[in-house]
Structures are given as C-alpha cells and as structure tokens.
Amino acid sequence: MTNCQAEMKKAVECGYWNLFRFDPSKETGKFQLDSKAPKDGYQEFLMNEARYSRLTREFPERATTLFARNEAAAKERWEHLNKLVEMYKD
C-alpha cells in the first residue's frame, strides 16, 4: 500500500488504465482525455501484479497470448477514447 500512487501512475502511463472526464451539460458537452498515449512497459506492469505473474508460472503459453491480447485491447481503448475527444470538440 505504500507504493499505491506509484503503481497507479505506472498503470496510467502504460495504458492499463485511462484517465478521462466528461461533462454532459449542453453548455460545454466536453469529453477530455487526461491520459497521454500509452508508453512501452505494459507487460512489465502486468508482471508486478501477483495475479498476472502467477498466471505466467502456471500457464506460460496461455499467459503470453492473453497478455498480448490484453495490450492490444488497451491500445484500442485509448484510440477509442481519443476519437471521442475529437467527436466532442466544438
């Protein structure tokens, strides 16, 4: 728990977690993406999580496939959020 903020920062930087805001009011109607484009280190972040590192020990081949799919999905989520930013621009 002492490294909680540092881990959250790593999650945002690698694209595991995205930060965004949306104001649905008619006056502003603004969607804002606070996260920057994902950096490398997605799988390194996953390996710091016990649940994912255990998966690599028990099912290494399956873990490799799942991690690659998970990283691709994270990149797609960020691209989708980026498209929403463009859509809500005035």
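Things worth noting here:
- Cβ pairs under 9 Å, 6+ apart, first in the stretch 60-77 and under 20 Å from Leu33 (Cβ atoms), second among the small types (Gly, Ala, Ser) and surrounded by 15 or more Cβ atoms within 10 Å (Cβ to Cβ): Glu71/Gly15; Ala74/Gly15; Lys75/Gly15; Arg77/Gly15
- Residues that are surrounded by 14 or more Cβ atoms within 10 Å (Cβ to Cβ) and in a helix (DSSP H, G or I), drawn from the stretch 33-46: Tyr42, Gln43, Phe45, Leu46
- Any chance Thr2 is modelled with pLDDT under 95 and part of a loop (DSSP other than H, G, I, E, B): yes
- Any hit, the stretch 6-17, residues being in contact with a Ser or Thr (Cβ under 6 Å, 6 or more places away or on another chain), β-branched (Val, Ile, Thr), modelled with pLDDT of 90 or more and surrounded by 15 or more Cβ atoms within 10 Å (Cβ to Cβ): yes
- Extreme residue, nearest to Cys14 (Cα to Cα), among residues of the stretch 43-66 that are of a type in the set (Lys, Arg) and out of contact with any Leu (no Cβ under 8 Å at 6 or more places or on another chain): Arg51
- Among residues of the stretch 48-83, those that are exposed (fewer than 15 other Cβ atoms within 10 Å of the Cβ) and of a type in the set (A, V, I, L, M), counted: 4
- Asn18, sole failed condition from (1) under 15 Å from the mean Cα position of the chain (by Cα); (2) in a helix (DSSP H, G or I): (2)
- When restricted to residues that are in a helix (DSSP H, G or I), closer than 19 Å to Asn18 by Cα and not charged (D, E, K, R), the stretch 48-77 contains 6.
- Note on the stretch 60-90: among residues that are of a type in the set (Asp, Glu) and over 18 Å from the mean Cα position of the chain (by Cα), the one that is modelled with the lowest pLDDT is Asp90.
The values are calculated or read from the model by the stated rules, or taken from the named source; none is laboratory data. Being a predicted model, the structure only gives us computed values, none of them experimental. Please note: Cβ atoms are built from the backbone with ideal geometry, for glycine as well, and neighbour counts cover all protein chains shown.
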